[in-house]
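The values are calculated or read from the model by the stated rules, or taken from the named source; none is laboratory data. Quick caveat: nothing in here was measured; it's all calculated off a predicted structure. Every residue, glycine as well, gets a Cβ built from its backbone with ideal geometry; the counts of neighbours run over all protein chains shown. Remember, those area values only see protein heavy atoms, side chains included, never the ligands or the DNA or RNA. Shrake-Rupley method; radii C 1.70, N 1.55, O 1.52, S 1.80 Å.
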Amino acid sequence: MSGAFNLLRISDEAMGAHQTWMDAVGNNIANVNTYEPTSGNAFQAQYPIFQSDPSGGVRVASVAEGDPQGREVSMPDSPLADANGYVRAPDIDMSSEMGQLIMAQRGYEASVQVTKSAQDIYTAALSIGQK
């Protein structure tokens, strides 16, 4: 029966990894228009790095961060603008982030479905002994 519980554990770890991925992407998207003075660092996007677990699951090994230099954007009316009218913006590509969000969401949904299917199988197996 330990193999049966491994399936649930692995699926749970996958859901956790995909949730971490969705959280990071959501944070990146929420901060895409966060501007800083050119004298400071831009918002640094977060990119979780995943690693396979020897027991068959997955875990977050680390979180990489985007370039603190970001990109300079002309916003002469901003109170954060330097003498040349520039502010520092994060180097985040919205189309890439949206693609990442879709992949993370689909992976999470697949893990949920695996958990539901495993529960159905285990319930059916337990009912065999009751008949």
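The figures follow:
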quantity: First in the stretch 107-126 and more than 11 Å from Ser11 (Cα to Cα), second anywhere and open to solvent by 50 Å² or more (accessible area, probe 1.4 Å), Cβ under 6 Å, 6 or more apart; calculated: none
quantity: Val73, sole failed condition from (1) surrounded by 14 or more Cβ atoms within 10 Å (Cβ to Cβ); (2) under 30 Å from Thr115 (Cα atoms); (3) among the hydrophobic types (A, V, I, L, M, F, W, C); calculated: (2)
quantity: Complete set of residues in the stretch 79-96 that are part of a strand (DSSP E or B) and open to solvent by 70 Å² or more (accessible area, probe 1.4 Å); calculated: Tyr86
quantity: Residue tally, condition in a strand (DSSP E or B) and under 15 Å from the mean Cα position of the chain (by Cα), over the stretch 28-40; calculated: 0
quantity: Leading residue by the ranking (surrounded by the most Cβ atoms within 10 Å (Cβ to Cβ)) among those in the stretch 10-46 that are of a type in the set (Asp, Glu) and within 23 Å of Ser117 (Cα to Cα); calculated: Glu13
quantity: Qualifying residue in the stretch 19-27 (condition: within 10 Å of the chain's Cα centre (by Cα) and among the small types (Gly, Ala, Ser)); calculated: yes
quantity: Qualifying residue in the stretch 47-55 (condition: touching a residue at least 60 places away in the same chain (Cβ under 8 Å), within 13 Å of the chain's Cα centre (by Cα) and open to solvent by less than 70 Å² (accessible area, probe 1.4 Å)); calculated: no
quantity: Among residues of the stretch 41-65, those that are assigned to a loop (DSSP other than H, G, I, E, B) and either at pLDDT below 95 or among the aromatic types (Phe, Trp, Tyr) (or both), counted; calculated: 6
